[in-house]
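Notes to accompany the following structure.
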Amino acid sequence: MAFQVGGINQTGTSASDTLTVDRKVNLTVAEVGTTTTQVSPGQTSAVTAFTVTNTSNAVLDFALVAAQQTGGAGAHANTDTFDTSNVRIFRDSNGSNSYDSGDAQITYLDELAADGSATVFVVSDVPLSLATGSVAVVTLTATARAGGGPAVRVRHWCRPAVATPPAWTPCSQMVLGRPTDCATPHFLPRTITPCWLRR
């Protein structure tokens with residue numbers, strides 16, 4: 001830019017700046033539907049569905065914990081009066097929007113894109129001896145974790161279930177450093193497929 005001051009030519013100057021957008025970490029967890037899940041005494045695999053949405057501006061992982069409230073008010077103007085058992089978390093892996101055999105049991109959501117969402121099912125068993133109107137309040141908590149990490153292939157040593165020659169057996173989920181019967185499913189902080197158990 002050329003300009004003059006008092007008729008004298010001046011040297012133009014310019015300036016610039018760089019703005020860096022920081023990573024925003026935010027999420028929502030919402031129950032699917034607006035009514036209480038209806039169950040029967042002795043029912044196995046009763047299902048409550050939730051949607052976890054990554055409202056951040058980056059890919060993130062989300063650790064998931066299902067818990068049972070001890071007494072007090074719950075959703076839909078209910079009051080907690082009992083606990084279910086065998087509480088598990090599944091992801092709607094096949095996009096059916098309903099819990100079925102194609103869904104994977106998880107402890108976290110891996111690599112959920114910014115503004116992306118996932119349907120998660122909290123599945124549990126109902127005790128047999130219950131009065132009509134009994135209520136169990138089950139909650140789902142999601143905690144954001146750094147995403148974008150590379151996948152790693154892991155091998156884990158476990159005790160053989162039977163006396164057989166060593167062989168590599170595929171296993172989709174397990175826990176590092178825990179010797180166990182090879183037939184028992186376990187979980188990694190990040191799901192690796194495939195990974196292997198040696199027995």
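The values are calculated or read from the model by the stated rules, or taken from the named source; none is laboratory data. Remember, predicted model here, so these are calculated numbers, not experimental data. Every residue, glycine as well, gets a Cβ built from its backbone with ideal geometry; the counts of neighbours run over all protein chains shown.
In this structure, is V87 of a type in the set (A, V, I, L, M, F, W, C), farther than 20 Å from G147 by Cα, surrounded by 15 or more Cβ atoms within 10 Å (Cβ to Cβ) and in contact (Cβ under 8 Å) with a residue 24 or more places away in the chain?
yes
Can you name every residue in the range 48-83 that is touching a Phe, Trp or Tyr at 6+ places or on another chain (Cβ under 7 Å) and exposed (fewer than 15 other Cβ atoms within 10 Å of the Cβ)?
Result: A63, single match.
One line per residue, one yes/no per condition, for (1) farther than 30 Å from S129 by Cβ; (2) in contact (Cβ under 8 Å) with a residue 24 or more places away in the chain; (3) in the same structural domain as S129 (by TED's automatic domain parsing); (4) not hydrophobic (A, V, I, L, M, F, W, C):
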{"site": "Q10", "(1), (2), (3), (4)": "yes, no, no, yes"}
{"site": "V39", "(1), (2), (3), (4)": "no, yes, yes, no"}
{"site": "S45", "(1), (2), (3), (4)": "no, yes, yes, yes"}
{"site": "F50", "(1), (2), (3), (4)": "no, yes, yes, no"}
{"site": "V59", "(1), (2), (3), (4)": "yes, yes, yes, no"}
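Can you tell me how many residues in the range 35-68 are part of a strand (DSSP E or B) and on the phi > 0 side of the Ramachandran plot?
0
Exactly one of (1) in contact with a Lys or Arg (Cβ under 9 Å, 6 or more places away or on another chain); (2) under 30 Å from L128 (Cβ atoms) is unmet by N78. Its number?
(1)
I'm checking my understanding of the structure. Among residues of the range 18-34 that are in a strand (DSSP E or B) and hydrophobic (A, V, I, L, M, F, W, C), which one is surrounded by the most Cβ atoms within 10 Å (Cβ to Cβ)?
So in the range 18-34, the residues in a strand (DSSP E or B) come out as 27-31.
From what is left, the residues that are hydrophobic (A, V, I, L, M, F, W, C) are 27, 29-30.
Numbers: L27: 17, V29: 15, A30: 12.
Going through the qualifying residues, I end up with L27.
Would you check if G12 is among the small types (G, A, S) and either more than 30 Å from A146 (Cα to Cα) or surrounded by 11 or more Cβ atoms within 10 Å (Cβ to Cβ) (or both)? Steps first, answer last, please.
Values: among the small types (G, A, S): yes; either more than 30 Å from A146 (Cα to Cα) or surrounded by 11 or more Cβ atoms within 10 Å (Cβ to Cβ) (or both): yes.
So G12 fits the description; yes.
Which of the residues that make up the range 99-126 are out of contact with any Asp or Glu (no Cβ under 8 Å at 6 or more places or on another chain) and either assigned to a strand (DSSP E or B) or within 20 Å of Q38 (Cβ to Cβ) (or both)? First the steps, then the outcome.
Just the residues of the range 99-126 that are out of contact with any Asp or Glu (no Cβ under 8 Å at 6 or more places or on another chain), to begin with: 100-102, 104-107, 113-117, 122-126.
Within the range 99-126, D100, A104, Q105, S117, V122, V123, S124, D125, V126 meet the criteria.
Restricting attention to the range 12-26, and to residues there that are among the charged types (D, E, K, R) and either assigned by TED's automatic domain parsing to the domain that holds V52 or under 33 Å from the mean Cα position of the chain (by Cα) (or both), which single residue is farthest from N57 (Cα to Cα)?
Result: D22.
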